[in-house]
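Asker: Just passing along the structure, written as structure tokens.
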Ligand code: HEM
Ligand code: FES
């Protein structure tokens, strides 16, 4: 990223401060004048939206923890106490519970965005990998949070998911006992889940800082996938993107508010308003909607250990994306074949989400197997093969220059011949 | 330079480095262990590990569910026909082969941990395709000996350690 701009402290105090703790310089370089590609669309506002989601969860969570009691005999009642007695308790709790859903909705869009515009490719591999780490931490945090109200779904969801650990050969059983603090999900489990559910968002916060730090080293990718060449391709973050991000966030908030105020329980399961009963399994155990695709993969496989491995594999594979897709052209805009397979991939993920809520029988089981195979084939077969054989469309020379580049990308994804012409440069 | 250092005897400094590292690592491990082991079941949890159940009121074909270590135990008083079926099916090609006789202490009484060996749900009695239990979570079918017959569960329902204290009392754990 070329910074041809320099922060200059204006008054005496900022000069004094700049020599001791260059806080203003940091804020200026990273928030205000940060050079950002001028062609970012609304899909690029989700990073900011995600940051706001995290802040919302932390604030509402800390408040909830002031009234919640992490004990199996009191947890369920303390939630009802929050809902009925605590001033605005219902609002804070609904914001936190629906906030988790909004957080996942935003992260899914954010990730599909990266997948579509090739944002995980060189030089942004670390940004992507940190993103996957955040995603994993989010899943763990969300799962533990769902256990806290100690309803039937809390209890049985926790039982089923922690039992996944027992499938590991030899060490599985002792590790499960260690994790639960007993022989089944019980008070010790609830206590430690609460402790970790409080801790992890701050860990996420730390990783987000690294994520954005890495982003500010390479600079943003953009919808063309062509790297920024000079200051003509960029505008300052403030006011252009502060305003765009804020506007997008307000629209996002409107949807968020719809859930909080008009349909606060639609994304949850009614059984979670029944207190946990370790002696009675509900007829259908379903995780929260955002974990359904992974649950569908787990159940698509007839073998227990394989199911667990594939479920974890579906996230682990994301770490290797930068090395599975070696096509130099980043954006799907210029990759007609990739675009088709990408759309099929999104459909397969949505389908898996739908199937995760259905009983694993008949047509549902068949479809979850097909989608699971496609999910993995997309990363492990389609991406490497396309990197080799796909012929990208002609690309513009630069972000500010719509003239087509006569550089030809060979099928290996490298630059084969031709020199770009800047004759058409408009500015 | 490298030659001389390679040929040199280990110096006092090397000794100090290694000793420091060893002490440091031992110290770190001995601090880490309590932090890990505190996660394991506490004395109060382990203390609850044996219970007694009164089975005198269970009619033939009936069953009782009791809690042991936070898990349900199914105690089933099986009918003559059920025992016959269970023994006849010993010879079938079972996913987890076990003789019915090896799973009981007294043919009439089947005592198993009522936790699906797939992912821990509680199977429903008197349902499924094999006359035993059916787990609603991911569709595992167990027979009247608690053996897995169909579905994702890998093993038969576990038989807990138990003994008949007298005709009416079973001690589990
Ligand atoms: C708590 C969750 C997260 C937060 C707060 C967050 C925050 C951000 C922010 C502020 C940006 C810059 C603005 C933008 O491009 O949208 C960004 C970029 C990015 N994020 Fe995230 N992120 C999160 C999770 C993830 C996850 C789960 C992934 C993928 C696995 C991911 C992948 C990326 C990538 C590849 C970029 C660079 C995008 C580009 O410049 O085109 N992020 N993130
Ligand atoms: S837990 Fe019983 S079938 Fe999965």
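Asker: Among (1) under 25 Å from the mean Cα position of the chain (by Cα); (2) exposed (fewer than 14 other Cβ atoms within 10 Å of the Cβ); (3) away from ligand 2 (no atom under 16 Å from the Cβ), which single condition is residue B:88 missing?
Answerer: Going through the list (1) under 25 Å from the mean Cα position of the chain (by Cα); (2) exposed (fewer than 14 other Cβ atoms within 10 Å of the Cβ); (3) away from ligand 2 (no atom under 16 Å from the Cβ), residue B:88 breaks only (1).
Asker: Looking only at region B:93-123, count how many residues are within 16 Å of ligand 2 (Cβ to nearest atom) and within 17 Å of the chain's Cα centre (by Cα).
Answerer: Total meeting the criteria: 13.
Asker: Given the conditions (1) without any contact (Cβ under 8 Å) to a residue 60 or more places away in the chain; (2) surrounded by fewer than 19 Cβ atoms within 10 Å (Cβ to Cβ); (3) assigned by TED's automatic domain parsing to the domain that holds residue A:206; (4) assigned to a helix (DSSP H, G or I), and given that residue A:53 satisfies all but one, which numbered condition is not satisfied?
Answerer: Looking at each condition in turn, residue A:53 falls short on (2).
Asker: List, please: which pairs have Cβ atoms under 7 Å, are six or more places apart or on different chains, and start with a residue in region A:150-166 that is in the same structural domain as residue A:179 (by TED's automatic domain parsing) and end with one that is within 16 Å of ligand 1 (Cβ to nearest atom)?
Answerer: That search, which allows pairs on different chains as well, returns A:161/A:143.
Asker: Another one. Taking region B:79-118 as the search range and keeping residues that are assigned to a loop (DSSP other than H, G, I, E, B) and over 29 Å from residue A:167 (Cβ atoms), which one is farthest from the other protein chains (Cβ to nearest Cβ)?
Answerer: B:107
Asker: Being touching a strand residue (DSSP E or B) at 6+ places or on another chain (Cβ under 8 Å), without any contact (Cβ under 8 Å) to a residue 40 or more places away in the chain and within 21 Å of residue A:76 (Cα to Cα) is the filter here; which residues of region A:177-236 pass it?
Answerer: Across region A:177-236, there are no qualifying residues.
For every residue, the table says whether it meets (1) assigned to a helix (DSSP H, G or I); (2) out of contact with any strand residue (DSSP E or B) (no Cβ under 8 Å at 6 or more places or on another chain); (3) modelled with pLDDT of 95 or more; (4) over 16 Å from residue A:290 (Cα atoms).
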residue	(1), (2), (3), (4)
A:342	yes, yes, yes, yes
A:345	yes, yes, yes, yes
A:352	yes, yes, yes, no
A:359	no, yes, no, yes
A:375	yes, yes, yes, yes
A:378	yes, yes, yes, yes
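Asker: Name the one entry in A:264, A:278, A:282, A:293 that is under 23 Å from residue A:354 (Cα atoms), in contact (Cβ under 8 Å) with a residue 40 or more places away in the chain and within 14 Å of chain B (Cβ to nearest Cβ).
Answerer: It is A:282.
Asker: If a residue counts only when it is within 9 Å of chain A (Cβ to nearest Cβ), which strands (runs of 3 or more DSSP E) contained entirely in region B:29-78 have at least 1 such residues?
Answerer: Because the criterion is at least 1 residues that are within 9 Å of chain A (Cβ to nearest Cβ), the strands (runs of 3 or more DSSP E) in region B:29-78 that meet it are B:63-68, B:71-77.
A quick yes/no check of all residues on (1) away from ligand 2 (no atom under 16 Å from the Cβ); (2) farther than 20 Å from residue A:199 by Cβ; (3) within 14 Å of chain B (Cβ to nearest Cβ); (4) surrounded by 19 or more Cβ atoms within 10 Å (Cβ to Cβ):
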position	(1), (2), (3), (4)
A:88	yes, yes, no, no
A:100	yes, no, no, yes
A:125	yes, yes, no, no
A:136	yes, no, no, no
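The values are calculated or read from the model by the stated rules, or taken from the named source; none is laboratory data. Just so it is clear, the structure is predicted and the values come from calculations on it, not from any experiment. So basically every Cβ, Gly included, is an ideal-geometry build from the backbone, and we count neighbours across all protein chains shown.
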